[in-house]
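Notes to accompany the following structure.
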Amino acid sequence: CIERGIMVSYLEKHAPEVIGMLTGQFTMEDAQWAWRSDGVEEGMEKGLVIGREEGREEGREEGREEGREEGREEGREEGMQLGEERGIQIGEERGMQLGIERRNREMARRMRELGAEMRLIVAVTGLGEVEILRL
């Protein structure tokens, strides 16, 4: 059969059982054992395929979840960093604005003490007349 290409893989895999059958040493128990062995092998192969696929899917899901968590953490860190930078920028801008307003009020107060005209004080400081009169 092997020379003619008939059932080559089976005969190569089960050569001892086939030879035993042909020489009369093969019993019904042997046949049942061979069937069970084939069934066990087939079951193990199928089990490995199923197990590998389930393992892959489980691994993918764990990987996706870990990736999502890492992404959330990186996003939080990046958001905190950007928020901190923006907060500092806003604070600096507000601080500068407050400093300019204080300087202008102080300049207006001094100019008024020196007797400068109101329109000149308004033009230089950008303050309104009412605010200047309150100083």
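Things worth noting here:
- Taking the numbered list (1) free of Cβ contacts under 8 Å to residues at least 12 places away in the same chain; (2) more than 30 Å from Leu11 (Cα to Cα); (3) part of a helix (DSSP H, G or I); (4) not aliphatic (A, V, I, L, M) in turn, Asp38 passes all entries but (2).
- Flag for Gly71 being in a helix (DSSP H, G or I) and among the small types (Gly, Ala, Ser): yes
- Any chance Glu106 is assigned to a helix (DSSP H, G or I), surrounded by 10 or more Cβ atoms within 10 Å (Cβ to Cβ), under 41 Å from the mean Cα position of the chain (by Cα) and at negative phi: no
- Filtering Gly91, Gly55 for residues that are over 30 Å from Leu120 (Cβ atoms), at pLDDT below 90 and assigned to a helix (DSSP H, G or I) leaves a single hit, Gly55.
- The C-beta contact set for the stretch 11-22 (first residue surrounded by 11 or more Cβ atoms within 10 Å (Cβ to Cβ), second residue of a type in the set (Phe, Trp, Tyr), distance under 8 angstrom, 6+ apart or interchain) comprises Glu17/Phe26; Gly20/Phe26.
- Flag for Glu101 being farther than 30 Å from Arg134 by Cα and among the charged types (D, E, K, R): no
- Count of the stretch 109-135 residues which are among the small types (Gly, Ala, Ser) and part of a helix (DSSP H, G or I): 1
The values are calculated or read from the model by the stated rules, or taken from the named source; none is laboratory data. All of these numbers come straight from a predicted model, not from anything done at the bench. So basically every Cβ, Gly included, is an ideal-geometry build from the backbone, and we count neighbours across all protein chains shown.
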